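Heads up, the thing below is written out as structure tokens.
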Amino acid sequence: MTINRGRVRWQCRRALLELDLVFARFLERHFDRLTDDQLADLDDLLRCDDYDLWAMVNGSKPCEEGRWKEMIALLRESFESRANH
């Protein structure tokens with residue numbers, strides 16, 4: 001199954017401002033280099049509720065789904081670099 005990159009990019013727009021800002025930086029830095037497997041993991045991760053997703057990104061909740069950990073790490077990197085600027 002081929003995943004539509006445009007649809008996934010659009011789904012990265014989130015209602016929670018903090019998460020939306022993290023995704024904006026993530027898209028800028030990482031999105032175009034994602035493999036098909038990474039894109040599939042991101043597509044699945046984006047089905048999470050914003051508050052659960054934000055908790056995983058900011059570290060207040062562990063990511064228990066092994067295949068999401070790489071995406072969470074990239075998002076966390078985007079969050080931390082945003083916080084340092």
Surrounded by 14 or more Cβ atoms within 10 Å (Cβ to Cβ), in a helix (DSSP H, G or I), touching a residue at least 24 places away in the same chain (Cβ under 8 Å) and hydrophobic (A, V, I, L, M, F, W, C), is that true of Leu74?
yes
Given (1) modelled with pLDDT of 95 or more; (2) open to solvent by less than 90 Å² (accessible area, probe 1.4 Å), Ile3 misses just (1)
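With the requirement that a residue be acidic (Asp, Glu) and more than 10 Å from Leu19 (Cβ to Cβ), what does segment 38-58 give you?
Quick first cut of segment 38-58, residues acidic (Asp, Glu) only: 41, 43-44, 49-50, 52.
Passing the criteria: Asp41, Asp43, Asp44, Asp49, Asp52.
The values are calculated or read from the model by the stated rules, or taken from the named source; none is laboratory data. Since the model is a prediction, treat every value here as computed from it, not as a measurement. Note that we place each Cβ from the backbone using ideal geometry, even for glycine, and neighbour counts take in every protein chain shown. For the accessible areas, the whole protein counts, side chains as well, though only heavy atoms, and no ligand, DNA or RNA atoms are used. Shrake-Rupley method; radii C 1.70, N 1.55, O 1.52, S 1.80 Å.
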